[in-house]
Amino acid sequence: MKKPAFLLTIDTEGDNLWRNRSGQVTTENAAWLARFQQLCEKYTFKPTWLTNYEMAVDPVYIDFARDVIARGQGEVGMHLHAWNSPPAYELTDNDWQHQPYLIEYPREEIRKKVAFMTELLEETFNVKMLSHRAGRWAFNEYYAQLLVEHGYRVDCSVTPGVNWRFSPGAPQGNGGTDYTHFPRSAYHPDSADISRPGNSPLLEVPMTIRYKHSGLMNAVKQGYDRLRGKRRSPSVYWLRPTGGNAQQMIDLAEKTLAEGADYVEFMLHSSEFMPDGSPTFKTAADIDRLYDDLAQLFSWLQSRTHGMTLAEYAAAKAGT
């Protein structure tokens, strides 16, 4: 690659799942995605739409994504929310309330859900699924093995420096995955330990994330939190919009590229493109400000990076 890649990853899912624990999911945000796709194309960037079950069966989204694929302007990959993805399996007394991690389910149920979603997406969009992100960022060795078996080439579930153990899923479980000591650049995981490089054919592409504070300051803050009876991951900056943070995102991208990274990875949820589709962007004015931030970030990155989908990046890394 002559320039580092800019990877736009969108968790493509139902409306405001932060608030919706009722079991009645809506997908109105499908009608709001064209504006973002058009902005990406203006700057010659290609989003990867990591798609979960409710969106994969939404007619508006299906038409939108098929058009993106047909024009070669993006990619559809897989995203899986275990509590809402067939085949049905009740892990807790209220899976919609607890939103358990896929890795908390019995292995055979995990296998069934991965197989179902892969087949559904491939039949719906008539393309091989190559890219994946786990729902709620929960990943492990068995999950990685299943992706390899189904022919996936690239995963982007790792959030380096973030410990999801403090975010509960099933009440009887241990929380999500602890990524505190995972690599920060792309690597092929060890099949026996995904936290270290190995020889898996699956390429892991960790999110672009940096600690807000130095190692010593993080340790002090963690100790203070423990004294107060709080358990949480160290504070980090993500390459993702939060409202009015265009310069923060540019600074994060600039520091990452200055360190020699061959990619920067952005993420957002599809529902965040719709007013009141998330806790962050509640009004039409909020959405307009979001697009102002995106335009600033994309303008800064356009001359410094090359837009790629996840699968294109994996192919470039492999030299194919």
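Looking at the stretch 232-320, the accessible area is 40 square angstrom per residue; that uses a 1.4 Å probe and ignores ligands, DNA and RNA. Accessible surface of the stretch 139-186, 1.4 Å probe: 48 percent of it comes from carbon and sulfur atoms. In the chain, the DSSP beta bridges split such that about 20 percent are antiparallel, to the nearest 5. Specify which residue in the list Leu268, Pro100, Val162 is farthest towards the positive end of the charge dipole of the chain, using unit charges on the beta carbon of Lys, Arg (+1) and Asp, Glu (-1), about the Cα centre. Looking along the dipole axis, the top candidate is Val162.
Considering the stretch 62-168 at the alpha-carbon level, its Rg and Dmax are found to be 14.5, 45 Å. Remark: C-alpha extents of the chain on the principal axes read 50, 48, 45 Å, sorted largest to smallest. Placing unit charges on the Cβ atoms only, positive for Lys and Arg and negative for Asp and Glu, gives the stretch 99-156 a dipole magnitude near 120 debye about its Cα centre. Fully extending the segment from Lys282 to Gln38 would add 85.7 nm, taking 0.36 nm per residue of separation and subtracting the current Cα-Cα distance.
Under the convention that each Lys and Arg Cβ holds +1 and each Asp and Glu Cβ holds -1, the size of the dipole of the chain around its Cα centre is about 1120 debye. Straight-distance candidates among the lysines for linking to Lys128, with alpha-carbon spacing under 26 Å and chain neighbours fewer than 8 residues away dropped: Lys46, Lys112, Lys113, Lys317. On the stretch 31-100, 51 percent of the accessible area sits on carbon and sulfur atoms, based on a 1.4 Å probe. In the calculated pair-distance distribution of the stretch 97-216, the portion above 19 angstrom amounts to 49 percent of the Cα-Cα pairs. Its Cα gyration tensor gives the stretch 231-278 an equivalent ellipsoid; the semi-axes, largest first and in whole Å, are 23, 15, 10.
Summary of packing: across the peptides 86-97, 106-117, the per-residue average of other C-beta atoms within 10 Å ranks them, highest first, as 106-117, 86-97. Within a straight-line Cα-Cα reach of under 28 Å, Lys212 can be paired with the following lysines, leaving aside sequence neighbours fewer than 8 residues apart in one chain: Lys3, Lys221, Lys230, Lys255, Lys282. In plain terms, the bigger the Kirkwood radius, the slower the diffusion; for the stretch 1-105, with that radius from Cα pairs, at 4 °C and 1.567 mPa s, Stokes-Einstein puts D at 86 µm²/s. Over the C-alpha atoms of the stretch 272-320, the Rg to Rh ratio, Rh being the Kirkwood estimate, stands at 1.19. Solvent-accessible surface of the stretch 17-78, taken per residue with a 1.4 Å probe and all protein chains present: 45 Å².
Charging the Cβ of each Asp and Glu at -1 and of each Lys and Arg at +1, and nothing else, the dipole of the stretch 63-212 about its Cα centre rounds to 580 debye.
Restricted to Cα atoms, the stretch 145-192 shows a radius of gyration and a Dmax of 12.7, 33 angstrom. Helical runs assigned H by DSSP (4 residues or longer) give the chain a calculated mean residue ellipticity at 222 nm of -10500 deg cm²/dmol, each run adding -39500 (n - 2.57) before division by the residue total.
The values are calculated or read from the model by the stated rules, or taken from the named source; none is laboratory data. Keep in mind that what you see is a predicted model, and the values were worked out from it rather than measured. Note that each Cβ is placed from the backbone with ideal geometry, even for glycine, and that neighbours are counted across all protein chains shown. Just the protein is used for accessible areas: all its heavy atoms, side chains included, with ligands, DNA and RNA removed. Shrake-Rupley method; radii C 1.70, N 1.55, O 1.52, S 1.80 Å.
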